[in-house]
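Report on the following structure.
The values are calculated or read from the model by the stated rules, or taken from the named source; none is laboratory data. Since this is a predicted model, take the numbers as computed values, not measurements. Note that we place each Cβ from the backbone using ideal geometry, even for glycine, and neighbour counts take in every protein chain shown. Areas reflect the complete protein model, heavy atoms only, side chains present, ligands, DNA and RNA absent. Shrake-Rupley method; radii C 1.70, N 1.55, O 1.52, S 1.80 Å.
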Amino acid sequence: MKQTPQPLWLKTFTRQIQHGDVIFRALTILASLIILATFVAIGFELWQNTTLAREKFGLSFLTSDEWDPVQQQFGALPTIYGTLQTSLFALLLALPLGLGIAIFLAELAPTWLRAPLGYVVELLAAVPSVVYGLWGLYVYLPNFVKPTAQFLNGTFGFLPLFEGPVYGPSRFAASLILTIMILPTISALCRDVLLAIPNTQREAALALGATKWEMISQVLIPYGLSGILGTAILGLGRALGETIAVTMVIGNNRDLSPSILHPGYTMASIIANEFAEATEEIYLQALIEVGLVLFFITLALNVLARLLVWSVARRTPSELRA
Amino acid sequence: MKSLTNSRRHFRRRKLTNAVMLVLCALATLAAILPLVWILAYVAQEGGRFLSVEFFTQLPTPVGVPGGGVLNAIVGSAMVVAIAIVIAVPISIVAAIYAAEHPNTPLGIALRFGTDVLSGIPSIVMGIFAYTIIVLPQKHFSALSGGIALAIIMTPIVLRSTEEMLKLVPRSLREGSLALGASEWKTMWQVLLPAALNGIVTGMMLGIARVAGEAAPMIFTAFGNPFLSADLDQPIATLPHTIYVYAISPYKDWHAKAWTTALVLIVLVLGLNIIARAFTAWQLKKMGWR
């Protein structure tokens, strides 16, 4: 009896099935797809569960400052303003500080000190948000934030940004606690950017007679600028979404006032604070819609930031620094 | 002559700028360490006052009644974190294998980019998501929904650290295994994953440390429960949420309990973190990397 030879593709296929490679690969692809699908599902679910609110308020949800659960009128402008004000102010303080730390850790500190010191700074990121809130509310606020706020109000009180009266809890308090919270993110990523810059750049600058600071400010920082920018945006994204610590120190006030020294709300903190009160569907949907806006903003910022950071990493392979 | 003094002055100014800026950089580092020390010292001091064995073994007492503990929150935190581990770790590791093996296929790029972006989405959004898919249809809060929210937060951390560790395994190991006739998945399962195991464990510990401290998603999902519960389908107390509730309450003795709970949580979270990092450092040293 003559056997017909199996075609080659069938042979390869059966061999792979027997060894389990196809199943294994299918499994890895499936897991990857589940993770990506979850991501899409987050956006879809938030969109789906805000249908009523989106139909009722439309775009005025973003531009109205009226947040009145009794009248069922909801506008998110004060919370968007609060989020942007606190996050940008925190970034304004944290970026130079974080860059300074990165420079110290990557360029200045003695070699034996770099790893432990970098590690201690990163521990700041490991402290839970709620512990920051607790410490912020009972220690940081009365001992540091309030005196600083009173000084700012006394000196620059004529500016709308620093208008009184000064209470304890305020958007200023939230900004100052956010500064500490995003500092480790910014310093660690800036350090990575600096470390990715090839040593030839440093040597060339020093050989031309630059001082160390001139090397840093005129060569390294311009070279890594897009990476530093990406880092700043990532830090901003982190600040925008920070919830519990901010909720505890910001004072939870719906008014739209320009002064940073006044109590306010951020998008994340209004959700956390008012969620338990939202018994009516439209109220609940308005809160979820605030979450939807927050999702899209952080999504856009993170995509932008990652593209920037990735572009730097691709341009300069880290092996160049040896 | 004049130009010489000018250039000397110029040189002195450059050196001065240099010194000032370098000192400022060192001060910035100090400014970051200061709050860390301040927080840790304060939590240890305030939290230590109330610390006792009962704090770990008893349920909370009503306001004004002395004693009581946070046993319910300790059990609850362990529950939701365990749910998160069970869901997130297998999927993350299997997906990390794909990301490490095929980093430049469209799916590989999408996965790596997607998880990077996912790690930047606020945890409160994950809480709302878990709320809409589980709590809303079921009409009650549950430990399960809390665990799912935490699983989504944990996934990028475990995935990226597993991927990094798999990439660090020397090519020669893989080639040796394949040359001996082992199939791809056997090579992965019996050679590469064991070689990367320690790094994967580190990633898991960092992930656990991160999600164990999350309070925001718990507001919409696990919600809190004054009684001892181990039911997946019922509301459950967690340590971070307990701190939040105690801290914003108007009662002095609840504030004291908030500090002690914070001490427990911070020892747990920072402890996990320090062990994980020390473990990696030791491991890399042993393997000859720095």
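For the reader, a short list of remarks on this structure follows.
- With a Förster radius of 56 Å applied to the C-beta separation of A:S217 and B:K286, the computed FRET efficiency comes to 0.90.
- Placing pseudo-labels 7 Å out from each Cα toward the beta carbon at B:F56 and A:L92 gives an inter-label distance of 4.7 nm.
- Counting, for every residue in B:206-217, the Cβ atoms of other protein chains within 10 Å of its Cβ and taking the mean gives 4.
- For chain B, the relative contact order comes to 24 percent (Cα pairs under 8 Å, sequence separation of at least 6).
- Global form of the protein assembly as shown, assessed from the alpha-carbon gyration tensor, a/c cut-off 1.5: oblate
- For B:V23 and A:D65, the FRET efficiency from 1/(1 + (r/R0)^6), where r spans their Cβ atoms and R0 equals 51 Å, is about 0.65.
- Inter-part distance where region B:74-107 and region B:137-169 are each reduced to a Cα centre, Å: 5 Å
- Counting only other chain Cβ atoms within 10 Å of each residue's Cβ, the peptide A:240-249 averages 5.
- Here the extension length gained between B:A278 and B:F11 equals 91.6 nm, from 0.36 nm per residue of separation less the Cα-Cα distance.
- Chain B: DSSP helices with Cα axial extent of at least 24 Å and average Kyte-Doolittle hydropathy no lower than 0.0: B:2-48, B:71-101, B:143-168, B:193-212, B:252-287
- Mean per-residue shielding of peptide A:198-211 is 1, counting Cβ atoms of other chains within 10 Å of each Cβ.
- Net +/- balance of residues flanking A:N273 in space, Cβ distance below 15 Å, scoring K and R +1, D and E -1: -2
- Each stretch of four or more DSSP H residues adds -39500 (n - 2.57); spread over every residue of chain B, this sum gives -24500 deg cm²/dmol at 222 nm.
- Model label points for B:W189 and A:F13, set 7 angstrom from Cα along the Cα-to-Cβ axis, are 2.3 nm apart.
- Toward the positive end of the charge dipole of the protein assembly as shown, with +1 on the Cβ of Lys and Arg and -1 on the Cβ of Asp and Glu, the farthest Cα among B:S229, B:V89, B:A196 is that of B:A196.
- With every protein chain in place and a 1.4 angstrom probe, the accessible-area ranking of A:R254, B:R171, largest first, reads B:R171, A:R254.
- Amide hydrogen neighbours beyond the local backbone of A:Q73, cut-off 5 Å, H modeled: A:D68
- Calculated FRET efficiency for the pair A:D255/A:A207, C-beta based, R₀ 56 Å, to 0.05: 0.45
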